[in-house]
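To start, the structure under review is shown below, and the notes come after it.
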Amino acid sequence: MENKIDFQNLAQKYQTPYYVYDFDYITKQYQELKTAFKARKSLISYAIKANSNLSVVRHLAQQGSGADCVSIGEVKRALKVGIAKYKIIFSGVGKTDDEIKEALELDILMINVESEAELHRVELLAKELNKEARISIRVNPNVDPQTHPYISTGLHENKFGVDINTAKRMYIKAKNSDFLDPIGIHCHIGSQLTELSPIKEAVNIVANLVRNLKAALDIELKFFDVGGGLGIVYDDEKLIDTNEYAQTILEALFGLDITVVCEPGRFIVGNSGYFVTKVLYEKINSDKRFIIVDGAMNDLIRPSLYNAYHKIEVLNQNDNKSKCNLVGPVCESGDFFAKDIELPQTEHNDLVVIHSAGAYGFTMASNYNTRGRVAEIAIENNQDRIIRDRETFEDMIALEEKYL
């Protein structure tokens with residue numbers, strides 16, 4: 001995406017490394033998806049795991065967004081910034097008893113159940129609290145999403161969801177229970193999806209199940225959750241058109257009186273964000289060139305974890321490019337942002353901008369090597385503001401030092 005962010009000014013004002021997010025872009029992406037589903041009752045529930053900064057989530061709450069949460073902590077983040085409880089879905093393959101109880105007590109829209117064992121726990125805990133648990137069941141349609149294996153979720157070899165026959169058994173159990181209310185069905189086949197055909201195949205399989213549940217078992221569901229996963233541009237990907245995406249889903253649901261739920265994360269925030277770091281040194285080992293920057297894998301782990309590609313831009317006027325590895329200070333050979341990439345010759349304090357870093361960047365950051373997590377900055381209407389302070393050493397040891 002084109003940007004008009006003054007990275008140099010932000011570096012002087014807030015130091016490096018830092019994340020910066022374009023809130024106007026976030027608004028545009030949310031509205032694009034909401035508009036695509038305008039012909040149908042719909043709920044856009046932002047996947048908080050993509051970027052859980054409270055200011056980001058509040059900004060989306062103000063647009064009318066719901067929340068897709070995969071921990072009780074994410075549920076609390078959503079509630080804290082004003083997302084209505086009836087727009088919050090609690091998913092995740094391994095919820096603890098305490099998390100399930102708290103979700104029931106908070107009276108959110110529904111708990112998305114991923115196994116028969118989990119359904120049993122939810123029923124037991126709902127009975128203990130004398131509540132009726134609103135649930136959806138995550139169906140795994142065994143469709144290849146054609147994406148990276150680490151972010152594929154729709155095949156039987158993945159840990160997520162249940163097959164069609166298991167789902168039927170679970171819906172029957174829920175219908176016959178005094179403490180379970182089956183109101184939804186869920187299907188999410190993977191992330192960074194750039195092909196429409198796997199989505200179409202999966203949605204049709206699950207829509208047929210919805211019809212079968214209604215005809216054979218008189219189970220009438222209110223919510224059809226298509227998950228998230230729409231891809232973004234990291235390199236030269238050809239993306240799914242949002243209107244075609246919506247139309248494909250609506251066609252599959254023809255004749256059903258059901259609310260469509262969509263759970264975008266990366267699509268909303270991915271291309272809004274940039275990770276900005278500065279050059280410390282250049283180093284030559286034999287014939288290998290390294291650019292060493294002050295950011296590291298603890299700040300942005302996607303290249304190390306997924307071998308993910310991010311567009312990288314050096315902010316200087318040097319046109320003398322050669323191959324290099326862009327690396328950080330962390331004591332791991334896996335600490336890199338790119339390998340064998342053509343970049344210009346750099347000087348100390350030159351800025352390096354890593355694009356498409358708004359999703360799964362800061363949320364996956366750590367304090368490895370006792371490195372404080374970086375500052376987060378918002379840009380809105382050409383105005384910048386801090387939305388998370390840079391961590392200090394005192395912040396990092398606060399939960400430990402009292403035991404010395």
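The values are calculated or read from the model by the stated rules, or taken from the named source; none is laboratory data. Note that the structure is predicted; figures quoted are calculated from it, not measured. Backbone-built Cβ (ideal geometry, glycine too); neighbour counts: all protein chains shown.
The condition (being of a type in the set (S, T, Y) and at pLDDT 95 or above) is satisfied by just one residue among T153, T194, T259: T259.
Residues of the range 316-346 that are in contact with a Pro (Cβ under 7 Å, 6 or more places away or on another chain) and farther than 13 Å from V279 by Cβ: D319, N320, K321, F336, A338. The set of residues from the range 196-237 being closer than 16 Å to E251 by Cβ and aromatic (F, W, Y) comprises just one member, F224.
Candidates in the range 267-299 are the residues that are crowded, with 24+ Cβ neighbours inside 10 Å and farther than 23 Å from D384 by Cβ; of these, the one that is nearest to the chain's Cα centre (by Cα) is F267.
Restrict the check to the range 353-371 and report whether at least one residue is farther than 26 Å from L10 by Cα, modelled with pLDDT of 95 or more and more than 18 Å from the chain's Cα centre (by Cα).
no
Among the residues making up the range 267-323, those that are part of a strand (DSSP E or B) and without any contact (Cβ under 8 Å) to a residue 40 or more places away in the chain are K283, I284, N285, K288, R289, F290, I292, V314, K321, S322, K323. Would you tally the residues in the range 224-239 being among the small types (G, A, S) and either touching a Pro at 6+ places or on another chain (Cβ under 6 Å) or more than 25 Å from N204 (Cα to Cα) (or both)? Residues that pass the stated criteria total 1. Every condition in (1) in contact (Cβ under 8 Å) with a residue 40 or more places away in the chain; (2) surrounded by fewer than 16 Cβ atoms within 10 Å (Cβ to Cβ); (3) not aromatic (F, W, Y) holds for A117 except the one numbered (1). Here is a list of conditions, (1) modelled with pLDDT under 90; (2) in a loop (DSSP other than H, G, I, E, B), and K131 meets all of them except one; can you say which number that is? If we test K131 against (1) modelled with pLDDT under 90; (2) in a loop (DSSP other than H, G, I, E, B), just (1) comes out false. Residues that are over 18 Å from V70 (Cα atoms) and either buried (at least 18 other Cβ atoms within 10 Å of the Cβ) or touching a Gly at 6+ places or on another chain (Cβ under 6 Å) (or both) within the range 120-141 comprise E123, L125, A126, P141, listed in sequence order.
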